[in-house]
1. Would you calculate the convex hull of the Cα atoms in the chain and tell me its volume per residue in Å³?
2. Using amide H atoms built in the peptide plane, which far-off residues or other-chain residues are under 5 Å from Ile328 H to H?
3. Rounded, prolate or oblate: which fits the stretch 69-171 when a ≥ b ≥ c are the square roots of the eigenvalues of the alpha-carbon gyration tensor, with rounded for a/c under 1.5 and prolate only if a/b beats b/c?
4. Could you give the dipole magnitude of the stretch 91-199 about its Cα centre, charging the beta-carbon of Lys and Arg +1 and that of Asp and Glu -1, in debye to the nearest 20?
5. Pop a pseudo-label 7 angstrom from the Cα along the beta-carbon direction at both Ile179 and Glu206 and give the gap in nm to one decimal.
6. Please state the shape class of the stretch 191-337: rounded when a/c is under 1.5, otherwise prolate if a/b exceeds b/c and oblate if not, all from the C-alpha gyration tensor.
7. Roughly how tilted is helix 73-85, in degrees to the nearest 10 and between 0 and 90, from the longest Cα axis of the chain?
8. At what distance in angstrom do the alpha carbon centres of the stretch 1-72 and the stretch 263-318 lie from each other?
Amino acid sequence: MIKSVFIIGTEHQMLQVKEAINYFQFKSEDYIVLFFSKENDTIWTDQKINQYNIRNFHLLDNWVFKDVFLKRDRPISYINLLEKLKKNAVENLFFSQYKNDSSLLAIKILNPKNVILMDEGTASIKIASERSKNINRNVKRKLIFKSLIYGKTLKYPTGLTYFTQYDLHLPNTKTDKSIKYKFTKIDNKCEVDANLIFLLGSSVSELNLVSENYYFGILNKIISQHKKEKLIYFSHRKENALKLEEIEKLGFEVVKNKEPFENLFGKLEIIPVILYSFYSPILPNLSKLYKNTPKKMIIKLEDREINFNNDIISKIYDEYEKDSNINIVDFYRLNNEL
């Protein structure tokens, strides 16, 4: 009988699902995976169902709150599915999107014994910090309004378990706890190309965490340090087309990769000598997933340039610094670090 439910919205979240299944030693009949994907985009879901031999699953089209009015069948079919699963007396609910309506509806309808948040990048660090504070009035109003529309009272869980790679500071250990896990390390066979540099793109400028001018200033500095090497830029799925065109003009070869970089890296027979990243958990993930990796450089964004909570950013960098295989470099010290 199904006792655990996983809610998944992106392919890279399957890394955590795999580890959770192994950690809790779930049998195939013990759990179901609810896959949210874009309409008619089931290639990655089909692959993961076969790769992980998932016996119980359900495919759902993505939806957001406005679809309650525009595509009403989507949230209604999801709510009906949860009502059916409720009959199993679900014990564990796993998800990565803490604030999504789909997660909050599942908490309300399934009423599981354990609500378990899996890592979504470094979001767990931010959530752990936010749960120590009172919910602001605007958020409360939104939850009340949505509750009236759905006919279900939406609220954040009283207790939360983090299934995480990070050493989280939990202000209230009476209600919240963390389970720290480690990825199963893969012995990847590859060769290093001393004239190849990879840079993982970021949507930090699209999200207005930093200005685009600041972002391009860092790119130019990297280019000035690697005039003789081949530079390949792996774009983030949320980067806009015009920005990527400008990055190509700078001298990067832009690669639009559709699968999580952690998966792609495992397939590479030739790897770069240096791999750069902005404010991303991908480099630490690579350290934990693979035995053979490049020199990994996380570019530290300056406090004065960040339009975000600097305390949370600092906690994230503190986590990265615990990995001896990661080099964190400041923007204005970049010349001295290379």
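1. Details: hull volume 50.0 nm³, N = 338.
In the chain, the Cα hull volume divided by residue count equals 148 Å³.
2. For Ile328, the qualifying residues are Ile298.
3. Numbers: a/c = 2.00, a/b = 1.35, b/c = 1.48.
Note, shape of the stretch 69-171 comes out oblate.
4. Numbers: 19 positive and 10 negative charges, 186 e Å.
Approximately 900 debye in magnitude.
5. The answer from the label model is 3.3 nm.
6. On the way: a/c = 1.38, a/b = 1.12, b/c = 1.24.
Rounded, since a/c falls under 1.5.
7. On a 0 to 90 degree scale, this one is about 70.
8. Comparing the Cα centres of the stretch 1-72 and the stretch 263-318, I get a distance of 26 Å.
Every number in this text was worked out from the coordinates using simple rules, so none of it is lab data. Since we're looking at a predicted model, the values are computed, not measured. Heads up, the Cβs are rebuilt from the backbone with ideal geometry, glycines too, and the neighbour counts pull from every protein chain shown.
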